[in-house]
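Shown next, in structure tokens, is the structure this report addresses.
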Amino acid sequence: MSSHHESSSAHPSLAARLEKEGEVSVADCYQCGKCTAGCPAAEEMDVAPSQVLRLLQTETPTHEDRALKSLSIWMCIGCETCVTRCPQEVDLPRAMDFLRQEALARNVANQDASDVVVFHKAFLNSVERAGRLFELGMVGEYKLRTGHFFKDLGIAPTMFFKGKLGLFPHGGANKREVANIFARARAVKKESKV
Amino acid sequence: MTDLKVGYYPGCSLQGSSRDFAESLHAVAKALSIELVEIPEWNCCGASSGHMLDHLLSVALPVNVLLKARKAGLPQVMAPCASCYNRLATASHEIATSPATKAQVESVLQTSIDKLPRVLNVIELLAQVSDRIAPKVTKKFEQTVACYYGCLLVRPAKVTGFDRTEDPVEMDKLVAAVGGKTIDWSFKTECCGASFSISRSSVVGRLGAKIMQDAVKRQAEAVVVACPMCHSNLDLRRGEINQQLEHKTDIPVLFITQVIGLALGLPKKQLGLGRHFVPVKFPAKPLAPPTVP
Amino acid sequence: MSRIGVFICHCGENIAGTVDVAAVTQAALDMTGVVHAVDYKYMCSDPGQTMLKDAIVEKKLDGVVVAACSPRMHEPTFRRTAEEGGINPYQCEMANIREHCSWVHEKGTPTTAKAIDLVRFQVEKVKRNHPLVPIRVPVTKKALVLGGGIAGIQAALDIANTGSPVLLVEKSPSIGGHMSQLSETFPTLDCSQCILTPRMVEVARHPNITLYTYSELEKLDGFIGNFKATIRRKARKIDEKLCNGCGVCQQKCPVKKIPDEFNEGLSNRPAIFVPFPQAVPNKPVIDLANCTYFKNGKCKACEKLCPTKAIRLDQEDQIEVHDIGAVVLATGFKTMPVSNFSEYGYGKYKDVIDGMKFERLASASGPTGGAMKRPSDGKTPQHVVFIACAGSRDRLKGVPYCSKICCMYTAKHAMLYQHKVHGGQATVFYMDVRAAGKNYDEFVRRAVEEDGVKYVRGRVSRVYEDDGQLVVKGVDTLLGAEPVEIRADMVVLATAVQAQNDAEELAQRLHVSYDPYKFFAEAHPKLRPVETNTAGIFLAGTCQAPRDIPETVAQASGAAVKVAGLFSQPELTREPIIAVVDRQPPPVFSHCVGCFLCKSACPYQAIEEESIKNRNGDVLKVVAKVNPGLCQGCGTCVSTCRTKAIDLQGFSNEQVFAELMCI
């Protein structure tokens, strides 16, 4: 049993924070479901996209928790179909970004999506190190951390022979500058949370 | 013919797994007297992983690229990768519309941000010079193809401002300009699965299967794309796709630059056609009997 | 020397609870010119008004200030009372110490001081008031009804039945409007044409109604009671007196493939045509854009073959000017085109249609004789999906409002389909079901409970064609937002109700306000739904907002009564708070220099030019003149006048400055 609307200025709800930080107003959503109807990843999700918004609308911790722990937010592909068709122009992709970041910050990301989380982290780690993505390095970290060692092993040789598999990281970026951007982004975020 | 000079942002995938896109793009650019000026010391834009995990970073990285372009005196930047294009355009849009985000990004990059260069996708660039294409066609590309736009070239409309969000036509026009015939089909902008290519390739298989099935049903001999991710998901991941299709298909997937390059008579090697997983040959044997009259 | 009486109202506790009314009364007595000041609990009550009247007589007052509520509430009340007491009503002013004082401030000395100031302003003003006489304007007792749909028809009949003549002008070749295109009407499933055509015939036969079809209003000059309407009667190219409606011309016309507008493009019509069999008048018209003769000079088959020689190919449009006293706007609506729906195919799928097209399919007099045949191949659809809220309540499509009628007509369409195709299945994707009228909800329940229509709550994201069927991707939000995919044979979109394409242009031409969606604006959203802010122009039907037939008919009758009210008096009485251009003795004649800044500033086109002539007829000076029938007393002209030649009666420069000097 949950009572709705428990937000306060001391403990702002996710909806209130999403409005402030992401400029997305979940109150605009009137639950028509058009986003769900057109979502290519809907069948991979445990909570439908429109329902993720409903879970934020009530501003109750139990519902917010369900949204943050859902598999849905990691199954979202970021294809922007939902916001393109939404009659109320609710920026659901931005809301999904916000929830993903919040879920990681609270360390409650759904376990079944761990491979997806690892992929994204491996991608950004690669960029932080070299300024540009080193695909082989990223895949290597992904395999190490997910344990999916044998997947795609078959196509690796083909890729290599077709010249699509760079064995070494590409130079060109200003590595120090990029690493600095990553560090500054973390610092600025920390400052804004104080 | 005067050189059309445009800032060029290759993005990480054109250096690696989508080398064929880069090769064909450079070949076609040279043939059409377009000078691609690579942005010095460009960094990764962050792609999907960026905005999914860290919003501020995902705006700062592309803005850094655009500032470099500005510094190099480039008023326009063309990003052939649809995801890079979308990130550059989105970051630019957020700087223009959200003072709070702008302030934070300025703090991260430790510089003030003035007007940023205009961001173009590869189709916009080719459309700008479409009158140069027709006179240089030596061998008409007389195939029937399905133009597949994917998600990020046309959505969200507020950011891209390009073509129609449903049933777009700009790529179709380019193919028609080199003698090709394009089919009217219903999966032009349906998502291919994007970055799930590595972490959830079965999803790519499922979504890609729907796309290929519709194209084959309407008797397309090839699918033409303008995005390295789409190409990879429909070409490299053809195995996963065919697993989910009742009738397997081996119609090839070409980049729009490869199509134009073929029509301009450029050699296949220059266009990177040998690097595909699904061999590029016409007419392909559709293993599925056509069902649409 | 002025003898002013001040009456301070307590308004119960509304004023007295915050303002020290006794102190205000005392202060008033100390003001120069005030000879009487009292306070009372309710000035507007019977005893209060009697007290006012008695004081005027006893104390020989020549001016009255009532310190109470807003003049918008009770100015007419107190002015009438003052008149009954024997002084000119415009010698009575109100000081608003309620809305402008007690209702917006806390109790305390400053509040009372402000109340005293407000009273002082009005005292100073009233000292400089002049008696004013209401303006009398003659009224032409003839109405113009623009639009011949059910709204225009009802308004015309009602006005005509009160004995006044009506000119009904309709743009298309026949009256009837959208209602004539409907198959059945909710909630009774009455045949639409069966209930409409008797009214149409009544209009044609009514001795007080002059019916001009295929005609348009070019210009409307003048003001309430005194309009001049310029009507263009477009040439039908037929002599209507000779034509007997035999129809030979239509049969023999060689141009047969023009998409028929009445049937929403589902069938074709010839270049010479009558829009539908029950058209009123039942006379054909030639479509000049498609007629061979008018395109390249050949043919003339109709002229040769007409048995009564009624074709007049050289007939010209006729312009007529009519004197009109009141106008009723009944120009109707359009629906959002299917081509606007990018996610449903941009209009390229023949079997994705809108509600109006469905009506023509369902209609017994339609192109399929009422049989359910889908447009692409004529097959009977076994599964039809109806999409409600297509374009309505949709900020993205620019229509955030609800179109009101679609929930009902969608239920109606689904029911008609189920009645006609017994094995078929209708599915309705809805957001809410809005069925608020009499017998409306029961009607929708009948569709679900008796006719087996399936209602699924959710919007449809996309419709695309596959293998001759339409794939509908929707969702069932009542089942936890579960995606639903249906392969339908036909999809019917309940598209948004919108204002006509030329509504904005017409409103600007007539100087009628309109809202951001180009619906004409009513004078007050609650209490004045059939009037506009332009005196003498009234509204009826969907040109004001989406509504159904019963409401349209009711509103049309309401507009008719307003017109009848206007026509019931021999003259129109208007408030004399108008601007006046001064006159001086020769050789000045007027301080007006004829710059006409006032004319361009006036929002009501109330300023004209007047030539001051000598006895020989030579023009000595051209000055501004205010039309007392149009002037609304806004004072804009007064602020623009460089020489202060124009002034506002009842709010003169002298009065206003006197008030300001009190601050």
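For the stretch B:99-119, check the following and say yes or no: at least one residue is assigned to a loop (DSSP other than H, G, I, E, B) and within 30 Å of C:Tyr344 (Cα to Cα). No, the stretch B:99-119 has no match at all. Counting the residues of the stretch B:180-211 that are surrounded by fewer than 24 Cβ atoms within 10 Å (Cβ to Cβ), small (Gly, Ala, Ser) and more than 12 Å from chain C (Cβ to nearest Cβ) gives 8. Counting only helices (runs of 4 or more DSSP H) wholly contained in the stretch B:194-243, the ones carrying 2 or more residues that are touching a Cys at 6+ places or on another chain (Cβ under 7 Å) occupy B:201-217, B:228-235.
Matching residues to (1) of a type outside the set (A, V, I, L, M); (2) surrounded by fewer than 22 Cβ atoms within 10 Å (Cβ to Cβ):
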| site | (1), (2) |
| --- | --- |
| C:Cys249 | yes, no |
| C:Gly265 | yes, yes |
| C:Ala279 | no, no |
| C:Asp287 | yes, yes |
| C:Tyr344 | yes, no |
| C:Val352 | no, no |
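Taking (1) over 17 Å from the mean Cα position of the chain (by Cα); (2) crowded, with 19+ Cβ neighbours inside 10 Å; (3) within 14 Å of chain C (Cβ to nearest Cβ) in turn, B:Lys158 satisfies each apart from (2). Of the residues that make up the stretch C:340-348, is at least one in the same structural domain as C:Lys397 (by TED's automatic domain parsing), touching an Asp or Glu at 6+ places or on another chain (Cβ under 8 Å) and closer than 30 Å to C:Ala521 by Cβ? No.
The single residue among C:Val484, C:Val472 that is modelled with pLDDT of 95 or more, over 14 Å from the mean Cα position of the chain (by Cα) and buried (at least 23 other Cβ atoms within 10 Å of the Cβ) turns out to be C:Val472. Selection of the stretch C:274-305 for residues being touching a helix residue (DSSP H, G or I) at 6+ places or on another chain (Cβ under 6 Å) and over 24 Å from C:Thr210 (Cβ atoms) yields C:Leu288, C:Lys298, C:Cys299, C:Lys300, C:Ala301, C:Cys302, C:Leu305.
Scanning the stretch B:161-179 for residues that are in contact with an Asp or Glu (Cβ under 6 Å, 6 or more places away or on another chain) and within 7 Å of another protein chain (Cβ to nearest Cβ) gives a single hit, B:Glu166.
Scan the stretch C:168-200 for residues that are assigned to a helix (DSSP H, G or I), of a type in the set (Val, Ile, Thr) and touching a residue at least 60 places away in the same chain (Cβ under 8 Å) and jot them down. Residue satisfying the conditions is C:Thr197 alone. Looking across the stretch A:50-63, the residues that are within 13 Å of chain C (Cβ to nearest Cβ) and either touching a Gly at 6+ places or on another chain (Cβ under 9 Å) or farther than 22 Å from C:Met431 by Cα (or both) come down to A:Ser50, A:Gln51.
Table: residues versus (1) touching a residue at least 40 places away in the same chain (Cβ under 8 Å); (2) part of a strand (DSSP E or B); (3) farther than 15 Å from C:Glu343 by Cα.
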residue: C:Gly474; (1), (2), (3): yes, yes, no
residue: C:Val491; (1), (2), (3): yes, yes, no
residue: C:Gln498; (1), (2), (3): yes, yes, yes
residue: C:Gln508; (1), (2), (3): no, no, yes
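For the stretch A:152-194, a tally of residues being within 8 Å of another protein chain (Cβ to nearest Cβ) and within 26 Å of B:Glu23 (Cα to Cα) returns 13.
I'd like the full set of residues that are in a loop (DSSP other than H, G, I, E, B), crowded, with 17+ Cβ neighbours inside 10 Å and either modelled with pLDDT under 95 or out of contact with any Lys or Arg (no Cβ under 7 Å at 6 or more places or on another chain) (or both), limited to the stretch C:313-332.
If the condition is that a residue be in a loop (DSSP other than H, G, I, E, B), crowded, with 17+ Cβ neighbours inside 10 Å and either modelled with pLDDT under 95 or out of contact with any Lys or Arg (no Cβ under 7 Å at 6 or more places or on another chain) (or both), then C:Ala330, C:Thr331, C:Gly332 are the ones that fit.
Filtered by the rule that a residue be part of a helix (DSSP H, G or I) and either under 14 Å from C:Leu396 (Cα atoms) or in contact with a helix residue (DSSP H, G or I) (Cβ under 9 Å, 6 or more places away or on another chain) (or both), the stretch C:333-348 gives C:Val338, C:Asn340, C:Ser342, C:Glu343, C:Tyr344.
Evaluation of C:Tyr401 against the conditions (1) more than 14 Å from every other protein chain (Cβ to nearest Cβ); (2) within 18 Å of C:Arg547 (Cβ to Cβ); (3) in contact (Cβ under 8 Å) with a residue 60 or more places away in the chain shows that the sole unmet condition is (1).
Kindly evaluate B:Asp214 against the criterion of being of a type in the set (Asp, Glu), more than 21 Å from A:Glu44 (Cα to Cα) and either under 19 Å from the mean Cα position of the chain (by Cα) or buried (at least 24 other Cβ atoms within 10 Å of the Cβ) (or both). Talk me through it step by step, then tell me what you get.
Values: of a type in the set (Asp, Glu): yes; more than 21 Å from A:Glu44 (Cα to Cα): yes; either under 19 Å from the mean Cα position of the chain (by Cα) or buried (at least 24 other Cβ atoms within 10 Å of the Cβ) (or both): no.
Here the answer is no, as B:Asp214 does not meet what is asked.
Of the candidates C:Val433, C:Val444, C:Val460, C:Val385, the single residue that is buried (at least 17 other Cβ atoms within 10 Å of the Cβ), assigned to a strand (DSSP E or B) and not polar (S, T, N, Q) is C:Val385. The set of residues from the stretch C:284-307 being closer than 14 Å to C:Lys237 by Cβ, polar (S, T, N, Q) and either out of contact with any Cys (no Cβ under 6 Å at 6 or more places or on another chain) or free of Cβ contacts under 8 Å to residues at least 24 places away in the same chain (or both) comprises just one member, C:Asn290.
Of all residues in the stretch A:64-95, those that are within 11 Å of chain C (Cβ to nearest Cβ) and either among the hydroxyl-bearing types (Ser, Thr, Tyr) or assigned to a helix (DSSP H, G or I) (or both) total 6.
Quick check, is C:Gln154 closer than 26 Å to C:Gly536 by Cα and under 24 Å from the mean Cα position of the chain (by Cα)? Reasoning before the result, please.
Values: closer than 26 Å to C:Gly536 by Cα: yes; under 24 Å from the mean Cα position of the chain (by Cα): yes.
Yes.
So for the stretch A:20-36 (the condition being touching a Cys at 6+ places or on another chain (Cβ under 7 Å) and either under 16 Å from A:Gln101 (Cα atoms) or of a type in the set (A, V, I, L, M, F, W, C) (or both)), does at least one residue qualify? The answer is yes, given that some residue of the stretch A:20-36 is touching a Cys at 6+ places or on another chain (Cβ under 7 Å) and either under 16 Å from A:Gln101 (Cα atoms) or of a type in the set (A, V, I, L, M, F, W, C) (or both). Looking at the stretch B:28-69, which of the residues that are closer than 24 Å to B:Leu126 by Cα and not hydrophobic (A, V, I, L, M, F, W, C) is farthest from the other protein chains (Cβ to nearest Cβ)? Looking at residues that are closer than 24 Å to B:Leu126 by Cα and not hydrophobic (A, V, I, L, M, F, W, C), I get B:Ser33. When A:Thr36 is tested against (1) touching a Leu at 6+ places or on another chain (Cβ under 9 Å); (2) of a type in the set (S, T, N, Q); (3) part of a helix (DSSP H, G or I), just one condition goes unmet, and that condition is (1).
The values are calculated or read from the model by the stated rules, or taken from the named source; none is laboratory data. What you see is a predicted model, and the numbers here were worked out from it, not measured in a lab. Using ideal geometry, Cβ is built from the backbone for each residue, glycine included, and neighbour counts are taken over all protein chains shown.
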